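These notes are about the structure you will find just below.
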Amino acid sequence: NAGVMQNPRHLVRRRGQEARLRCSPMKGHSHVYWYRQLPEEGLKFMVYLQKENIIDESGMPKERFSAEFPKEGPSILRIQQVVRGDSAAYFCASSGTNQETQYFGPGTRLLVL
Amino acid sequence: GENVEQHPSTLSVQEGDSAVIKCTYSDSASNYFPWYKQELGKGPQLIIDIRSNVGEKKDQRIAVTLNKTAKHFSLHITETQPEDSAVYFCAATSGGGADGLTFGKGTHLIIQP
């Protein structure tokens, strides 16, 4: 059973460009969470989605950030007009329909030049 | 919202000795407390979790204790081995796992040979 998959693993963008991060949950999981980790810090919750629904986006910056989890395909975290402060590791986690343990992917390391 | 404090930030122990990492939380409604291990360049890996209806849980060399009254929980690793060296994160949530996790800032555990 494949784990949570994220791609790309590393992403380099120049200021003002767009970043798209993809997450495929574990097989059978329908709940996806996105977290951001700054260097030497813990993970910060951003958004919680189920298929075609955003359940909780209380941790998402109000501008430039958006997330979706379509009926078909991976969940996407989109960052528009990136700034240097967006440089971080972005992790996706998934859980099963019983809404229990969250399993994390390997992360996407975003570097904004 | 929830706030999780984790101590110490760095812990160095001799191989074979025990290691204890402590966390406190602020939201009395929190009812699910997972612990994750993160190795360099990888995503967090769940090592053990505990729910508020139990006070202690053990899995081989790893145990977690929970004191709901004091709002703190601890990770205990016995007979430490070099492969235990990593960053450990505690987390808490009031959604039973269904909501976003609030993480501590992490403990860098170093096992001295």
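Every read-out reported here was derived from the displayed coordinates using simple, explicitly stated rules and does not represent laboratory data. In this text, all values refer to a predicted model and were calculated from it rather than measured experimentally. Neighbour counts run over all protein chains shown; Cβ positions are idealised from the backbone, glycine included.
Among B:VAL64, B:VAL13, B:VAL87, the residue with the largest mean-square fluctuation in a Gaussian network model of chain B, with springs joining Cα atoms closer than 10 Å, is B:VAL13. Taking every C-alpha pair closer than 8 Å and separated by at least 6 residues, the mean separation divided by the residue count of the range B:10-83 gives a relative contact order of 37 percent. Under the combined filter of DSSP loop state and at most 16 neighbouring Cβ atoms within 10 Å, the range A:51-102 retains these trypsin sites (Lys or Arg not before Pro): A:LYS51, A:LYS62, A:ARG64, A:LYS71.
Name the residue, out of A:LEU77, A:LEU11, A:LEU21, whose mean-square fluctuation peaks in a Gaussian network model built on chain A with Cα pairs under 10 Å. With Cα springs under 10 Å in chain A, the top fluctuation among A:LEU77, A:LEU11, A:LEU21 is at A:LEU11.
Once C-alpha pairs closer than 8 Å and six or more residues apart are averaged by separation and normalised to the residue number of chain A, the relative contact order reads 37 percent.
Cβ crowding within 10 Å, taken as a proxy for footprinting-reagent exposure, orders B:ILE48, B:ILE21, A:ILE54, B:ILE77 from fewest neighbours to most as A:ILE54, B:ILE48, B:ILE21, B:ILE77.
Only one residue of B:SER74, B:SER26, B:GLN6 has its Cα farthest out toward the positive end of the dipole of the range B:5-113, where Lys and Arg carry +1 and Asp and Glu -1 on Cβ, and that residue is B:SER26. Close lysine pairs were tallied over the protein assembly as shown: pairs 8 or more places apart or on different chains with Cα atoms under 20 Å apart number 23.
Note on chain B: with a GNM built from Cα contacts shorter than 10 Å, the maximum mean-square fluctuation among B:GLY55, B:GLY43, B:GLY16 falls on B:GLY43. Summing +1 for each Lys or Arg and -1 for each Asp or Glu among the other residues whose beta-carbon sits under 10 angstrom from that of B:GLU15 gives -3.
How much net charge surrounds B:ASP84 when only other residues with a Cβ under 12 Å from its Cβ are counted (Lys, Arg +1; Asp, Glu -1)?
Values: positive: B:LYS37, B:ARG61; negative: B:GLU15, B:ASP17, B:GLU39, B:GLU79, B:GLU83.
With Lys, Arg at +1 and Asp, Glu at -1, the neighbours total -3.
Summing charges over all other residues whose Cβ lies under 15 Å from the Cβ of B:ILE50, with Lys and Arg as +1 and Asp and Glu as -1, gives +2. When only the Cβ of Lys, Arg, Asp and Glu is charged (+1, +1, -1, -1), the dipole of chain B relative to its Cα centre reaches about 240 debye. Please identify which residues in the range B:65-88 have an amide N closer than 17 Å to a label point set 7 Å out from the Cα of B:GLN112, following the Cα→Cβ vector. Within reach of a label on B:GLN112, which here means backbone N under 17 Å from a point 7 Å along Cα→Cβ, the range B:65-88 contributes B:79-86.
Round to the nearest 0.05 the FRET efficiency obtained for B:ASP27 and B:ILE62 when R0 = 25 Å and r is the Cβ-Cβ distance. Walk me through the numbers on the way to the answer.
Values: r = 25 Å, r/R0 = 0.99.
Efficiency, rounded to the nearest 0.05: 0.50.
Derived scalar couplings between HN and Hα for the range A:13-22 equal 9, 8, 3, x, 7, 9, 10, 10, 10, 10 Hz in order, rounded to whole Hz, by the Karplus curve 6.51 cos²θ - 1.76 cosθ + 1.60 (θ = phi - 60°), x for Gly and Pro. Sparsely packed loop sites in the range B:1-105 (the GluC sites (Glu not before Pro) outside DSSP H, G, I, E and B with at most 16 other Cβ atoms within 10 Å) comprise B:GLU15, B:GLU39, B:GLU79.
Quick note on the protein assembly as shown: its Rg to Rh ratio, both from C-alpha atoms and Rh being the Kirkwood radius, is 0.97.
Dividing the radius of gyration of the alpha carbons in the range A:51-113 by their Kirkwood radius gives 0.98 for Rg/Rh. Since only A:GLN37, A:GLY73, B:ILE48 are under comparison, the one whose Cα sits farthest along the positive direction of the charge dipole of the protein assembly as shown, derived from C-beta charges on Lys, Arg, Asp and Glu, is A:GLY73.
Among the GluC sites (Glu not before Pro) in the range A:5-48, those located in a DSSP loop and surrounded by at most 10 other Cβ atoms within 10 Å of their own Cβ are A:GLU40.
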